[in-house]
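Data first, discussion second: the structure below is written as structure tokens.
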Amino acid sequence: MSGGAVALGLFLLVYLSVAALAFRRPLLFRLAAREAVRQRGQSLLVVAGLMIGTAAIGASLIGIDSALDSAVGNAYRTWGQTDLLVTAPGRVPFDPAVADEVASDAGVGPLVDGVQAGLEAVGSVADLDRRQGESGIRIIGFDPASQDPFGPFELADGTLTLGDDLGEDGVILSRQLAERLEARPGDRLTVTVEGTGAGGTPAVVAGIARSVGPGSYGLRAAVFAPLPTAQRMAGIPGINVVRVSALGGLESGVEGGERAAPAVREVLERLGAGLRVDHVKREEVRLQRESLEWITSMLSGMSVLILTAGAALVVNLVLMLAEERRRRLGVLRALGLTRRGLIQLSVLEGALYSLAAAVVGTAVGIGAGRLVSERFARSFAEFSQGLIDFEWRFSLHRDTVLAAFAGGAVVTLLTVMLAALRTARMSIPAAIRDLPEPARARRSRWPRVVLVAGGAVLAAGGLASGDPGGRLVGGLAAILVAGALLRSRVSSRTHATVTGAAMAAWSAAMVSSVSGEVDPSVFFTVFTGAVIAAVFGLSIVASANLRLVERGAGLLGRVAGGLRATLRPPLAYLARRPLRTGLSTGVFAVVLAIVTMLAVFLSVFRPRYERDSLGFDVRVTSTASTEIELPAAVADDVLRVEEIATLGFVGRFESSFFKGRSIFLPLYPLTPEQVADPPVRVISRDQSFESDEAM
């Protein structure tokens, strides 16, 4: 069952109950409707405040959908119609006859659309006409005779080609490589394949592929060459991959690959070539999902923060309405309305506000979700610096919109109901006369004892668990339990100050403990909870000590006469309403924390060229020779030159970002002098080293 269906079911359950209440108590419903429309300005303010929760849920869910759909969509673009890939260990070359054997097998034929012999390597490309070069470029060799099932290349001028008209030296450049080389059709190239030891192979740009179909293969800068041309570049007569397109389309081919893989393996086992079959498209989908887990976790955390601020704002609005209508509510109580009826009146009015807020909040959430998606796309493009042809998609699903609408309405209404439980407690004579509430008689200790005992159990269980989130909750529970036990022994201000400060300190300690956490879901869960606890802990401290600020304003007033009269009334108002002051402070603090975190997040992804380049402006690379000699004409313009002998690694690489992908990785052996003054900036190191020098 989808999340939208669950949220819609909960929405129907809650609001059908409210509808039944309105049918049973029509007088209360008429009173609630009259209050909702009597003061339109006030109602608009309430709806604007209540919509924050729905907008936060909608923006977060839409952002998550866009991230996941983009990841999956780019996984399909990475491999196009290639569902299975046959390779040898280490990508060593093997006989091209393997592809013919697989294609002609009676058991494989009915399960696949096409089989193609191919060659994939990494090297460098130099455009002799534009005098530009790039290294770490993928060389993709394809067989034009079997290209049709994998789709034609769509060139920038709109023509389609299967590669059989490129000529002896003609190649196709990917859009990214053409932009980086500033290449044009007809340019002369030199292509050097990494690890061959041979010189460069001349080639001619026959066309520039658009990032669709086979032109997006790999999503990275690439040279697409007919198989004989690629073999000449690599200096080998064989192949190192066989691409298999299973029955089905771009996405359904994954299931077709599951059915075709056993038959392909059977052929390979019969040949005894030691080859393996990889479900490359299926694995790419999985890896792309995993690589964007941090975005999902971060957006979820942000939505929880905004939802918390929205809940605090809802409570504040309900308290404001109750205070503004206190005399009228007291008259209703005097006329016979019970406390339960007063709560029902608040729930009915809150349901009207919540429905209106859910509609407005859903619309705002859709717009915010689009904005978040576009911002993430721009940040990712800046982060990858155009190396990855990542296509970001804005996704708007019906289930997501339903979940945002229903979830926002239910959360808002439940918050209104909980706040109404507090506002319904009033003294009828004091409310009618608009006097302060009299001191309440001391309640039974049993509810307090049960809460303290439950908090102690929660604290012990959380602190004993190995989960960081459990320790955060356990520590906060322990602080609240200790505060409840000491409440009667210290002043209210001391109790609130110590409790709030302890909550903030424990939250900061827990964030520090997970700062090196690799799993994004763990980090953002703890981080979100810690931010909420720290913000409201410090808000408690601030609201409890406003009297000190009030006294300070009084002292300043003796110096400046008008300042005292200006500052003391609002400070006195805030100091005598600690609950509302704490909630208001918490709302603004959470919003400020969200804005600050977004600013920090966006700044992290922006390239900092002056810092990262260490003063270098140009990088010259070559795989055709062991030394690079700069022309004498540029000697006067060069202040510093650092030469590094570069090695190239091509293979699977495990990291939190690459997730086991096969990549090209340059390796830089440094001389002792370069180790003492590194020409590259170290951004992180293994924790076993105490410093960069020790590393």
Most packed first (mean Cβ within 10 Å per residue), the peptides 329-341, 272-284, 467-479 order as 467-479, 272-284, 329-341
Could you run the Debye sum over the Cα atoms of segment 144-281, one equal point scatterer each and no solvent, and tell me log10 of I(q)/I(0) at q = 0.10, 0.17, 0.21 Å⁻¹, two decimals?
-0.40, -1.04, -1.31
Full-stretch length increase - A145, F23 - with 0.36 nm per residue and alpha-carbon distance subtracted:
36.5 nm
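Could you give the accessible area per residue of segment 172-231, probe 1.4 Å, as a whole number in Å²?
About 34 Å² of surface per residue is accessible.
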Efficiency by 1/(1 + (r/R0)^6): what FRET value for R619 and S252, r their Cβ-Cβ distance, R0 = 60 Å, to the nearest 0.05?
0.85
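Going by average Cβ neighbours within 10 Å, how do the peptides 75-82, 127-134 rank, with the highest at the top?
Peptide ranking by packing, descending: 75-82, 127-134.
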Going from the alpha-carbon gyration tensor of the chain, what semi-axes, largest first and in whole Å, does one get by taking the root of 5 times each eigenvalue?
64, 32, 23
Report, by chain and number, residues whose modeled amide H sits under 5 Å from the one on V204, excluding near sequence neighbours (fewer than 5 apart, same chain).
G170, V171, L189
With every protein chain in place, the chain: carbon and sulfur % of accessible area (1.4 Å)
61 percent
Need one word for segment 236-275: rounded, prolate or oblate. Basis is the Cα gyration tensor (sqrt eigenvalues a ≥ b ≥ c); a/c below 1.5 gives rounded, then a/b vs b/c decides.
oblate
Scoring segment 102-161 by relative contact order with C-alpha pairs under 8 Å, at least six apart, yields a percentage of 28 percent
Given a 1.4 Å probe, the accessible area of segment 274-327 per residue, as a whole number of Å², is 37 Å²
Lys, Arg +1 and Asp, Glu -1 on Cβ, resulting dipole of the chain about Cα centre, debye, nearest 20
7800 debye
Please report the antiparallel percentage of the DSSP beta bridges confined to the chain, to the nearest 5.
80 percent
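The values are calculated or read from the model by the stated rules, or taken from the named source; none is laboratory data. Owing to the predicted nature of the structure, the values given are computational and were not obtained by experimental measurement. When we count neighbours, we look across all protein chains shown, and the Cβ atoms used for this are built from the backbone with ideal geometry, even at glycine. Heads up: the accessible areas ignore ligands, DNA and RNA and are worked out on the full protein's heavy atoms, side chains in. Shrake-Rupley method; radii C 1.70, N 1.55, O 1.52, S 1.80 Å.
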